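Notes for the one structure printed next.
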Amino acid sequence: MAILKTEDLTYVYSAGTPFEKTAVDHVNLEIESNQMIGVIGHTGSGKSTLMQHFNGLLQPTSGKIYLEQRDIWADKSRLREVRFQVGLVFQYPEYQLFEETVYKDIAFGVRNMGLQETEIRERVFETAQMLGMDKNLLERSPFALSGGQKRRAAIAGVMAMRPKILILDEPCAGLDPKGRNLMLRQIRDYQKKTGSTVLLVSHSMEDVAEFTEKLLVMSKARLFCYEDTKLVFRKSEELKELGLRIPQIASVMQALRKHGYDLPEDLYTVEQARQAVLQLLQNKVRSREDGASC
């Protein structure tokens, strides 16, 4: 059963004016629970606008959004509850830090849920640990942290609320490769530990190839496809037409196959490619040894 569902979801900016623009056009979608999902699309494709509908930040021009089978706009008094269940982290969330200490910043959203202090404290420390933040950092000012630490503190504030769905808009923007990889591993570990659904909006095909199970692809305000990651990347020519690309390592593997190397398809991560190339080399060595023994 889908945890999140849309029916003919449409959103029009500046409706009825000369600046009218359809940002989301009749999107029908069903998202299951306990998944790591990548969200991709060229700039202006509608992906960020779509994400802002999922927690009620934007109200559809037409169509419906269901969270656990309940229309989130049927009763506007429930929107506060919806936003606790669907957490949204904008790009560069560190600019939203404002409290005196990191602890207070992470606790802010949880405290607004009306939980007891013992539960708040437990969630703050547990979330900080998930994101590799030392306890000593919690009593420091968030403005005294490094860029990567600020990013973790801001994301932790949403994670600590334990939303059933967590939406992250380019969570690794501006991070160096090492910090980027660490952040994505921590997000994946959080998803597995909590059993939540994570929607990862990204322009990096490499990131979504390695860390997501399914891909939601937007193009020109419409849903192009929502399928298993490996199935989406098989559509390499169609993705190119949309202004997207497959991961670089997948392009390398395609080139090697064209030159006669017996490599399997569906190789989209560096680790998958490494294992396949090693296996190919081992097979060649065995073949030579068998030939020599004859």
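Read-outs: derived from the displayed coordinates by stated rules, not from any lab. Values in this document were obtained by computation on a predicted structure and should not be read as measured data. Because the Cβ atoms are built from the backbone with ideal geometry, glycine has one as well, and the counts that use them run over all protein chains shown.
Here are some notes:
- Net charge contributed by nearby residues that have their C-beta within less than 9 Å of Asn28 (K/R +1, D/E -1): -2
- For mean projected area of the Cα convex hull in nm², the value computed from the atomic coordinates appears in the list (1) 20.0; (2) 14.5; (3) 18.4 under label (1).
- Take every Cα pair under 8 Å whose residues are at least 6 apart in sequence, average their separation, divide by the length of segment 247-294, and the relative contact order is 33 percent.
- Helix 117-130 axis, angle to the chain major axis (alpha carbon atoms, nearest 10°): 20
- Unsatisfied cross-links (Cα-Cα over 32 Å) in the set Lys150/Lys214; Lys64/Lys135; Lys76/Lys240; Lys21/Lys214: Lys64/Lys135; Lys76/Lys240
- Projecting the Cα atoms of Gly174, Leu115, Leu200 onto the charge dipole of the chain, computed from C-beta unit charges around the Cα centre, puts Gly174 farthest toward the positive end.
- Translational diffusion coefficient of segment 140-240 (Stokes-Einstein, Kirkwood radius from Cα pairs, 4 °C, 1.567 mPa s): 86 µm²/s.
- For the chain, the 222 nm mean residue ellipticity estimated from helices alone, with every DSSP H stretch of n ≥ 4 adding -39500 (n - 2.57) and the total spread over all residues, rounds to -13000 deg cm²/dmol.
- Student exercise, segment 249-294 dipole from Lys, Arg, Asp, Glu Cβ charges, in Debye to nearest 20: 160
- Computed over the chain, relative contact order equals 21 percent, with contacts defined as Cα pairs under 8 Å that lie 6+ residues apart.
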